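K.L.:
The following block contains the structure, expressed as structure tokens.
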Amino acid sequence: MIKNYFKIAFRGLMKNKGYSFLNIFGLAIGIACAALIFLWVEDEVSYDNNNLKKDSVYLLRENQQFDTRVFTHSSTPGLLGPSIQNDVPGIANTCRMSEMPASLLFTVGNNSFFAKGKYAENSVFDLFTLPFVQGNAKGAFAQLHSVVITEKTAKKFFGNEENVVGKTIRVDNKQDYVVSGVLKDLPTNSTMQFEWLMPFKIYFDQSPWLKFWGSNALNTFVELKPGANPETINKQLHGYIEKHLTGAKSQVFLFSMKDWHLYDEFDGGKKTGGGQIQYVRLFTITAWIILFIACINFMNLATARSEKRAREVGVRKVLGAEKRTLVLQFIGEALFMAFISAIIALLFILLALPVFNTLVQKQLSPGLGNPYHIVTLIAITAVCGLVAGSYPSLYLSSFNPVTVLKGIKLKGSGAAVIRKGLVVMQFTVSIVLIICTIIVLQQIQHVKTRQLGLNKDGLVELNLEGQMGQNFNSIKQDLLNTGAVDNVALSDYSTIHGGNNTSGFEWDGKPVGSNVLVSIRNVTPGFMATSGIKIIEGRDLTIADTAGLNHVLVTQSMEKLMGKGSAVGKTLRSGGPAITIVGVVNDYVYGNMYGKPDPVAFFSVPAEHARFMYIRLKPGGDVEKAITSIGAVIKKDNPAYPFNYKFVDDEFDLFFKTEMLVSKLSKVFAGLAILISCLGLFGLAAYTAERRVKEIGIRKVLGASATGLAGLLSKDFLQLVLLSCLLAFPLAYLEMQNWLKHYEYHVDIHWWVFVVAGTTAVLIALITVSFQSVKAALANPVKSLRSE
């Protein structure tokens, strides 16, 4: 019996090759697309699963209350970790770690390499699962100047040497370090990423500010004891910093490793439930929608071709076949086609995965050896087969055998209405995706073209390494002598990123109890001209302002906080001598590209205290030649270090990494949704033309033009697409309004976006349908009427 069903299904495929191709190809695209999305989703939701203590390890986060907002961050005081381990009973262990990865120069023999890593306490190997392939956790930091590296880093430093433990590496051309261990490479979906780890004591001794409770400058991780209640621990931590720092408006709390990647969004000091999880949900829904669109094609084409199988159903019923048997047969045929689609989808996945990995910047693999992946693929295929075959099987099995065997044509009005409804649903989803894609692109472009208050174009950023700080004056002059450089200056923090800040400034007229967060930038004279920040009032900083740090430049937002009139000549106080404001510069955007920046105070400092060099290229010059000239100067004055540089506009683009991914994937998904919808529309148009072939022949004999006939056949489908537009427009508007609310600085939704999306959908549908319509209209009427 089953063998016979397979024969019938196979003969059906061969007999209707065109319709079978549209069904299988459309479903294969849908399955492949969904499978790729689910691979991405799996990678996202399995972040940090490599850590065996994922359920008991927490990062301490801190809420700081300011006049305008609650600032949630992960910077904590250097004394916090050991203190709470002694005072809070439910805490089993703590680990302090430097915040930002440090890029250091490692020299092995005659070769030098930059590698990024962190300083951490030895407890890092207890809290996190970091398997050693050489050495062990116990002896990792037994010596002060020791370093633990990853397998990939070991290969970069030492090639294919089997055992590197005990080997010596020179760090930053200053100090020799001994390799005390080699760790297994971290998975790409691990929040913690580094190439090396060094003892925390080195960092602690080099950073005297870590010894003060008022200085937030490192990450503190906590492991809870078995059975400890996180809420109870949070109550014990509430007010903890205030006990050690009078007047502090800071509260620390536990942030679970389970939430680090997906739920890292806070508003008003509380988790919003948002973050990366929003994109996971969005793309999961999109995957199921694309699958459903592909299933709709199957339903439509199967019910549209129902007359071809009506007599088969009639004969089988007369011979005693039950409705249940027929339903199972037709669902079986749908499953058969779905599994053929799945096999083709696998080929699509293998071909598309390298491109998809580049798009999403991951290293995903099909994982065909993973039973979970196989079961998931089979489940998706089975769901597609059942969904796609459910309505057609019920519809076909319900035919009256007497009616169909007498040759009476089936009215099928109910099936026609459902077909039209499904087409409308397909195009509604496709149009919504088109509109969303356009608005996402607009939002990204809107922020990218925002007036930043500085000039990021033609601005080169270099890390200050080796003797560059001490030799800054000569380096600056050599760079200006190249003729390719306009200006050079230094800063302690990256221009467009966040940096050091304080709430400790006081001034005359400041409201009692006011708590204002002000960012601090330590720069060298000429930084404003180099970065493109304009001086509005007063003067620029000079070399003379370096001594005593008693002169400062402030931004316009800081001037407004200080009351009416110019801020020039007013003073700030921060526990020491009065600081005189000598100039006011325009506000500029940094840190959060979508929000309003905090006020900034600029101090002039010696070059040795800076960490970044900024070089302003001459406009209109040859960029490649300019970089070559800059590289030659840097290598001459700092030969021990490789020449590495960044363009600030490239760094700026990285702020929109997630939005750009959403934009790219939206374009792909919208295109696939339209393609799959058009495959179904193409098949329905072909069926309609075939069904009305005699009507077309008669109309042609009576003088109808080919243009008129093509319009007649296309009209019904275009009406469905126009109805889809009416449904899609409000849905897309509401969805995008909700999405844009997350951004303080966002684009308005314009009417023309809906016109463009609707016109695009109508034109694509018209092209799809017109091919079949014109073909039918140009057919010889004699052939179609010959059988009458």
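K.L.:
Restricting to region 38-56, and then to whatever is farther than 17 Å from Tyr263 by Cβ, hydrophobic (A, V, I, L, M, F, W, C) and more than 13 Å from the chain's Cα centre (by Cα), can you tell me which residue is least open to solvent (accessible area, probe 1.4 Å)?
P.N.:
My answer is Leu39.
K.L.:
Another question, if that's okay. From Ser519, Ser566, Ser514, which residue is within 19 Å of Pro597 (Cβ to Cβ) and open to solvent by 10 Å² or more (accessible area, probe 1.4 Å)?
P.N.:
One residue alone meets the criteria, Ser514.
K.L.:
Out of everything in region 574-622 that is in contact with a strand residue (DSSP E or B) (Cβ under 6 Å, 6 or more places away or on another chain) and hydroxyl-bearing (Ser, Thr, Tyr), what residue ends up being surrounded by the fewest Cβ atoms within 10 Å (Cβ to Cβ)?
P.N.:
Residue satisfying both the conditions and the ranking: Thr580.
K.L.:
Further question: Those residues that are at pLDDT below 80 and charged (D, E, K, R), I need them from region 660-701; list them, please.
P.N.:
Glu690, Arg691, Arg692, Lys694, Glu695, Arg699, Lys700
K.L.:
Output the number of residues of region 205-233 satisfying the condition of being in a helix (DSSP H, G or I), of a type in the set (D, E, K, R) and either surrounded by 20 or more Cβ atoms within 10 Å (Cβ to Cβ) or within 35 Å of the chain's Cα centre (by Cα) (or both).
P.N.:
Of the residues in region 205-233, 1 are in a helix (DSSP H, G or I), of a type in the set (D, E, K, R) and either surrounded by 20 or more Cβ atoms within 10 Å (Cβ to Cβ) or within 35 Å of the chain's Cα centre (by Cα) (or both).
K.L.:
Examine region 460-468 for a residue that is hydrophobic (A, V, I, L, M, F, W, C) and either within 26 Å of Leu661 (Cα to Cα) or modelled with pLDDT of 90 or more (or both), and state whether such a residue exists.
P.N.:
yes
K.L.:
Among the residues of region 19-29, are any open to solvent by 20 Å² or more (accessible area, probe 1.4 Å), part of a loop (DSSP other than H, G, I, E, B), among the hydroxyl-bearing types (Ser, Thr, Tyr) and at negative phi?
P.N.:
no
K.L.:
Looking at region 65-93 only, could you name the residues that are open to solvent by 30 Å² or more (accessible area, probe 1.4 Å) and either under 30 Å from the mean Cα position of the chain (by Cα) or more than 18 Å from Thr232 (Cβ to Cβ) (or both)?
P.N.:
Across region 65-93, the qualifying residues are Gln65, Asp67, Thr68, Arg69, Val70, Phe71, Leu79, Pro82.
K.L.:
Still on this structure, I have one more. Can you tell me which of (1) among the hydrophobic types (A, V, I, L, M, F, W, C); (2) touching a strand residue (DSSP E or B) at 6+ places or on another chain (Cβ under 7 Å); (3) in a helix (DSSP H, G or I); (4) open to solvent by 10 Å² or more (accessible area, probe 1.4 Å) is the one Met558 doesn't meet?
P.N.:
Every listed condition holds for Met558 apart from (4).
K.L.:
Could you tell me which of the residues Thr530, Thr502, Thr542, Thr495 is β-branched (Val, Ile, Thr) and within 14 Å of Ile581 (Cα to Cα)?
P.N.:
It is Thr542.
K.L.:
Residue by residue through region 236-289, note down the ones that are part of a strand (DSSP E or B) and of a type outside the set (Phe, Trp, Tyr).
P.N.:
Within region 236-289, Ser250, Gln251, Val252, Leu254, Ser256, Asp267, Lys270, Lys271 qualify.
K.L.:
Somewhere in region 634-642, is a residue surrounded by fewer than 16 Cβ atoms within 10 Å (Cβ to Cβ), part of a loop (DSSP other than H, G, I, E, B) and not small (Gly, Ala, Ser)?
P.N.:
yes
K.L.:
Please state which of the following conditions Met198 fails to meet, knowing it meets all the rest: (1) open to solvent by 40 Å² or more (accessible area, probe 1.4 Å); (2) of a type outside the set (Lys, Arg); (3) at pLDDT 90 or above.
P.N.:
Failing condition for Met198: (1).
K.L.:
Where residues in region 578-633 are polar (S, T, N, Q) and part of a loop (DSSP other than H, G, I, E, B), which of them is nearest to Tyr493 (Cα to Cα)?
P.N.:
Ranking the qualifying residues of region 578-633, first place goes to Asn592.
K.L.:
In region 732-744, is there at least one residue being under 30 Å from Gly274 (Cβ atoms), at pLDDT below 85, open to solvent by less than 70 Å² (accessible area, probe 1.4 Å) and not hydrophobic (A, V, I, L, M, F, W, C)?
P.N.:
Yes, the conditions are met somewhere in region 732-744.
K.L.:
Pull out all pairs, ordered by first then second residue, where Cβ-Cβ is under 9 Å, the residues are six or more apart or on different chains, the first lies in region 646-664 and is within 16 Å of His742 (Cβ to Cβ) and in contact (Cβ under 8 Å) with a residue 12 or more places away in the chain, and the second is among the small types (Gly, Ala, Ser) and surrounded by 16 or more Cβ atoms within 10 Å (Cβ to Cβ).
P.N.:
Here the result reads Phe656/Ser663, each pair linking region 646-664 to a residue that is among the small types (Gly, Ala, Ser) and surrounded by 16 or more Cβ atoms within 10 Å (Cβ to Cβ).
K.L.:
Which residues, counting only those in region 234-269, are hydrophobic (A, V, I, L, M, F, W, C) and open to solvent by less than 40 Å² (accessible area, probe 1.4 Å)?
P.N.:
Leu237, Ile241, Ala248, Val252, Phe253, Leu254, Phe255, Met257, Trp260, Leu262
K.L.:
Still on this structure: Open to solvent by less than 20 Å² (accessible area, probe 1.4 Å) and not aliphatic (A, V, I, L, M), is that true of Thr524?
P.N.:
Yes: the conditions hold for Thr524.
K.L.:
Checking Ala120 against (1) buried (at least 22 other Cβ atoms within 10 Å of the Cβ); (2) more than 30 Å from Gly214 (Cα to Cα), only one condition comes out false. Which one?
P.N.:
(2)
K.L.:
In addition: If you go through region 476-504 one residue at a time, how many are more than 37 Å from the chain's Cα centre (by Cα) and either open to solvent by less than 20 Å² (accessible area, probe 1.4 Å) or at pLDDT below 85 (or both)?
P.N.:
Count: 1.
K.L.:
Give just the number: which of (1) over 29 Å from Leu422 (Cα atoms); (2) at pLDDT 65 or above does Ser784 not satisfy?
P.N.:
Every condition holds for Ser784 apart from (2).
The values are calculated or read from the model by the stated rules, or taken from the named source; none is laboratory data. Everything quoted here is computed from the prediction, not taken from an experiment. For neighbour counting, all protein chains shown are included, and Cβ atoms are generated from backbone atoms with ideal geometry for every residue, glycine included. Surface areas here come from the heavy atoms of the whole protein model, side chains and all, with no ligands, DNA or RNA. Shrake-Rupley method; radii C 1.70, N 1.55, O 1.52, S 1.80 Å.
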